[in-house]
Amino acid sequence: MVKVEEEMRRIIEKGLAFVGTADRNGRPNIAPKGSMGLENEETFVFAEGGGKKTLQNLKENPEVTVAYVDREKVEGYQFKGKAEIIEQGSLYDKFAKIAEERGRQKPIAVVKIKIEEIYSLKPGPMAGERIA
């Protein structure tokens, strides 16, 4: 079972997530996601407000990667997994309420990512090494 460790959590909590997706033809896209967070030590979640390329790609191809980097410490992690698009239910309602409280419009969807693999983004001998 792949789990986020404390060192990874520290970077996740203070960093900005970049989400990489690809359409059905393999054409890549990367986008920052400020609402990204951990639902638990095995799952990311974020609100998709724009519904443009990221959401369209995930509808065509659920394979996704999430990257976080601590620029000061020059270390980071890449998390790979499969996305699930949620357009209703308790998790969606939770994110819709947060958006409303912040004066933003409701998300189009909430994306839940089950983490399947973790890789180091630290330069040097650990670069690209699979951790979990």
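The values are calculated or read from the model by the stated rules, or taken from the named source; none is laboratory data. Treat the numbers as computed from the prediction; the structure is a model and nothing was measured. Cβ placement follows ideal geometry from the backbone for every residue including glycine, while neighbour counts extend to all protein chains displayed.
Tell me whether the stretch 12-21 contains one or more residues that are surrounded by fewer than 16 Cβ atoms within 10 Å (Cβ to Cβ), of a type in the set (Asp, Glu) and within 22 Å of residue 104 (Cβ to Cβ).
yes
Please pick out the residue among 120, 90 that is without any contact (Cβ under 8 Å) to a residue 12 or more places away in the chain and of a type in the set (Ser, Thr, Tyr).
The match here is 90.
Any idea which of 77, 92, 119 is among the hydroxyl-bearing types (Ser, Thr, Tyr) and in a helix (DSSP H, G or I)?
Sole residue among the options that is among the hydroxyl-bearing types (Ser, Thr, Tyr) and in a helix (DSSP H, G or I): 92.
Among the residues of the stretch 72-93, count how many are over 30 Å from residue 120 (Cα atoms) and surrounded by 14 or more Cβ atoms within 10 Å (Cβ to Cβ).
Result for the stretch 72-93: 1.
Kindly establish whether residue 96 is surrounded by 17 or more Cβ atoms within 10 Å (Cβ to Cβ), in contact with a Lys or Arg (Cβ under 8 Å, 6 or more places away or on another chain) and at pLDDT below 95.
Here the answer is yes, as residue 96 does meet what is asked.
Go through the stretch 40-52 and give me each residue that's surrounded by fewer than 18 Cβ atoms within 10 Å (Cβ to Cβ), at pLDDT 95 or above and not hydroxyl-bearing (Ser, Thr, Tyr).
Answer for the stretch 40-52, where residues must be surrounded by fewer than 18 Cβ atoms within 10 Å (Cβ to Cβ), at pLDDT 95 or above and not hydroxyl-bearing (Ser, Thr, Tyr): 40, 41, 42.
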